[in-house]
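The values are calculated or read from the model by the stated rules, or taken from the named source; none is laboratory data. Computed from a predicted model, the values in this text were never measured in an experiment. We place every Cβ from the backbone using ideal geometry, glycine too, and count neighbours over all the protein chains shown.
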Amino acid sequence: MLDRSRLRIAMQKSGRLSEESQKLFASCGIKINLQQQRLIAFAENMPIDILRVRDDDIPGLVMDGVVDLGIIGENVLEEELLNRRAQGEDPRYITLRRLDFGGCRLSIAMPLDAEYTGPQSLQNSRIATSYPHLLKRYLDEQKVRFKSCLLNGSVEVAPRAGLSDAICDLVSTGATLEANGLREVEVIYRSKASLIQRDGEMSDDKQELINKLLTRMQGVIQARE
Ligand code: PRT
Ligand code: ZN
């Protein structure tokens, strides 16, 4: 049985945010043994439990109040926020700090030989993406009608496979786009990892611990700048 008096923090189990999240915890003085392939890791020297999950689950865990804190890419967080709002919910969370890792951009890309003169070139096109809500928000603002093709992986091969005219996917170096004969035509969202807190009552002990961790994080991040 989990002890509700301990601070629960969700982090990505394995992926692009895991190592940096782990390093951040360590530099804040949290001693955790992450060697075991466990879902939950208990800090040895502070009342903290680390929950290690798929990144996609983290926004919901915080919004549902299942965990107290989470480290998550803003792209995933914002997509889940829009997703829940679309379903009539009023999801809440508090952003404690934007972090200095996980940087990337969500961009629209097209085959090299496709003509692109601006968002209007996407009128009535089909766009493959794992981020349908962020894409829709952007193209609605541009008054562009489009059809989305939801893919949770291999988005970059969709045009070549004849599944879509364009894609909307995360980019960091641009090498993946280049390798797939695609060109970035529009950046629609810039993202970094962020530390978020659940909304609602927090015990004094937990809030004090959160404040202490935040102060340490500020120090660590400032020293890296
Ligand atoms: O298993 P789990 O669901 O937890 O992980 P995941 O596979 O969904 O996510 P993961 O680990 O790939 O990414 C986690 C988070 O890292 C993302 O949500 C972003 O916030 C951030 N991030 C930063 C990136 C990238 N950079 C990135 N380059 N996430 C993905 N990519 C992918 C992109 O999708 C594309 O396939 O890398 C490729 C492009 O990279 P470049 O360098 O070739 O442009
Ligand atoms: Zn994921």
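Considering region 1-54, the residues that are hydroxyl-bearing (Ser, Thr, Tyr) and within 18 Å of the chain's Cα centre (by Cα) include one that is farthest from ligand 1 (Cβ to nearest atom), namely Ser21.
Candidates in region 141-153 are the residues that are of a type outside the set (A, V, I, L, M) and surrounded by 12 or more Cβ atoms within 10 Å (Cβ to Cβ); of these, the one that is farthest from ligand 2 (Cβ to nearest atom) is Gln142. Scanning region 102-123 for residues that are in a strand (DSSP E or B) and of a type outside the set (Lys, Arg) returns Cys104, Leu106, Ser107, Ile108, Ala109, Met110, Pro111. Residues that are at pLDDT 95 or above, more than 10 Å from ligand 1 (Cβ to nearest atom) and among the charged types (D, E, K, R) do occur in region 60-69, at least one of them. Number of residues in region 42-57 that are in contact (Cβ under 8 Å) with a residue 40 or more places away in the chain, in contact with a helix residue (DSSP H, G or I) (Cβ under 9 Å, 6 or more places away or on another chain) and within 16 Å of ligand 2 (Cβ to nearest atom) equals 4.
When the residues of region 3-21 are filtered to those that are surrounded by fewer than 15 Cβ atoms within 10 Å (Cβ to Cβ) and within 16 Å of ligand 2 (Cβ to nearest atom), which remaining residue is nearest to Leu213 (Cα to Cα)? Per the criteria, the residue is Glu19. Checked against the criteria, Lys192 counts as basic (Lys, Arg) and closer than 17 Å to Gly103 by Cα. Per this entry, Val62 is counted among residues that are within 16 Å of ligand 2 (Cβ to nearest atom) and touching a residue at least 12 places away in the same chain (Cβ under 8 Å).
Residues in region 157-180 that are part of a loop (DSSP other than H, G, I, E, B) and either charged (D, E, K, R) or touching a strand residue (DSSP E or B) at 6+ places or on another chain (Cβ under 6 Å) (or both) were compared, and the one that is nearest to ligand 2 (Cβ to nearest atom) is Ser172.
Candidates are the residues of region 184-196 that are surrounded by 15 or more Cβ atoms within 10 Å (Cβ to Cβ) and within 22 Å of Gln120 (Cβ to Cβ); the one that is nearest to ligand 2 (Cβ to nearest atom) is Tyr189. Out of the residues in region 124-156 meeting the condition of being part of a loop (DSSP other than H, G, I, E, B) and within 16 Å of ligand 1 (Cβ to nearest atom), tell me which one is nearest to Ala86 (Cα to Cα). Looking at the filtered set, the residue picked out is Tyr131. Find the residue count for region 70-85, including only residues that are near ligand 1 (Cβ under 8 Å from one of its atoms) and free of Cβ contacts under 8 Å to residues at least 24 places away in the same chain. Number satisfying all stated conditions: 1.
Out of Leu24, Leu39, Leu34, one residue alone is buried (at least 19 other Cβ atoms within 10 Å of the Cβ) and either more than 16 Å from ligand 2 (Cβ to nearest atom) or not acidic (Asp, Glu) (or both). It is Leu24. Within region 157-177, the residues that satisfy the criterion of being within 8 Å of ligand 1 (Cβ to nearest atom) and surrounded by fewer than 20 Cβ atoms within 10 Å (Cβ to Cβ) are Leu170, Val171, Ser172, Thr173, Gly174, Ala175, Thr176, Leu177. Within region 42-74, can you find the residues that are crowded, with 23+ Cβ neighbours inside 10 Å, assigned to a loop (DSSP other than H, G, I, E, B) and not β-branched (Val, Ile, Thr)? Hit for region 42-74 is Asp68, nothing else.
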